[in-house]
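Working notes for the structure below.
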Amino acid sequence: MKKILVLLLLSIGSFSAKAQVFTGMSEVDKSKKEGVYTFVNTQEKYARASWKAYLSKFGKVVEGKNGTYASSDIQIASVSDKPLTVVSKVSEENKKVKLFISIATGADEYIQTGHAKLSEASTWIEDFIKIVDLEEGVRVEENKLAELIAAQAKNSKQAERLIRELDSNARQINNLEERLKEAKIDKEKILTNQLQNKLDQKTKEGEIAAQKLAVEAAKQKIK
């Protein structure tokens, strides 16, 4: 069990270490934004929920349509000692879940290539990615547990079915044994009747022979 846990943590750490944050532009609420983006190793619905929860730790979050989130007073101490305006979007592109974040540090000033706080912002985003990886690891283990429980439930139903089949089989055997007993009794009766029939036949044969003699004797008297 410990070995499995260690391998799980190592695999999660390996993925996190390879996670990259890129700079670029993206459309958010029909408006082109400058910012940074990365890809998240989970389903879109989970990424949206996790990102909203993560942002909420730093300030008020307003959820928009199609996976967009806006915050005008986010406090990220590692990035700035002043409130930041953050506009973000979680979407799926080419079967990958993409997280785009536009962080405004001032009027028309966004964290992107060459910005002094790009490294700090990247670290802040990577911290989120680590959380998602850990949450995804939990979901994977929960899914395995659910599969095992489902398999166990299936085995339990099969065990109950086998018990019912055994009970049915036992009743069939009892019925057959009763019928066999009855058949043996019937056989004894048949054998007894057969023996009596043979005796009756011999008796009748003797009576017939005697009666034939009586008939002949009666005929002789007529002559």
Ratio for the chain, C-alpha Rg to 2.2 N^0.38 Å, reads 2.70
Of the listed links LYS60/LYS89; LYS198/LYS221; LYS52/LYS130; LYS30/LYS98; LYS189/LYS212; LYS30/LYS89, those spanning more than 23 angstrom between alpha carbons are LYS198/LYS221; LYS189/LYS212
With every protein chain in place, the accessible area of LYS202 for a 1.4 Å probe, in Å² rounded to the nearest 10, comes to 140
Taking SER156, SER50 and ranking on accessible area (1.4 Å, protein atoms only), highest first, one gets SER156, SER50
For the stretch 152-223, the Kirkwood Rh over every pair of distinct alpha carbons, in Å, works out to 17.9
Shape call for the stretch 62-162, from the Cα gyration tensor axes a ≥ b ≥ c (a/c under 1.5 means rounded, otherwise prolate when a/b beats b/c, else oblate), comes out prolate
In Å², rounded to a whole number, the accessible area per residue of the chain with probe 1.4 Å is 72
Whole-Hz Karplus couplings 3J(HN,Hα) for the stretch 30-39, θ = phi - 60° and coefficients 6.51, -1.76, 1.60, Gly and Pro as x, run 6, 9, 6, 10, 8, x, 10, 8, 8, 10
Between the modelled labels at LYS117 and ASP81 (7 Å from Cα along Cα→Cβ) the distance in nm is 1.2
Sorting LYS65, LYS157 on solvent-accessible surface, 1.4 Å probe, most exposed first, gives LYS65, LYS157
Taking the alpha-carbon centre of each part, the distance from the stretch 204-223 to the stretch 65-88 in Å is 134
Of every hundred units of 1.4 Å-probe accessible area on the stretch 136-223, the number belonging to carbon and sulfur atoms, as a percent, is 57
Given backbone amide H placed at 1.01 Å from N, residues whose amide H is under 5 Å from that of THR105, ignoring those fewer than 5 places away on the same chain, are TYR110, ILE111
Rounded to the nearest 10, the angle in degrees between the Cα long axis of helix 2-18 and the longest principal axis of the Cα atoms of the chain comes to 40
The stretch 105-132 and the stretch 152-197 have their Cα centres apart by a whole-number Å value of 80
For the stretch 109-123, in residue order, the Karplus 3J(HN,Hα) values (coefficients 6.51, -1.76, 1.60; θ = phi - 60°; whole Hz; Gly and Pro = x) are 10, 10, 6, 7, 4, x, 6, 5, 9, 4, 4, 5, 5, 4, 5
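The values are calculated or read from the model by the stated rules, or taken from the named source; none is laboratory data. Because the structure is predicted, anything quoted here is derived from the model rather than measured. Cβ coordinates were reconstructed from backbone atoms using ideal geometry, including for glycine residues, and neighbour counts include every protein chain displayed. The accessibility values were calculated without ligands, DNA or RNA, using every heavy atom of the protein model including side chains. Shrake-Rupley method; radii C 1.70, N 1.55, O 1.52, S 1.80 Å.
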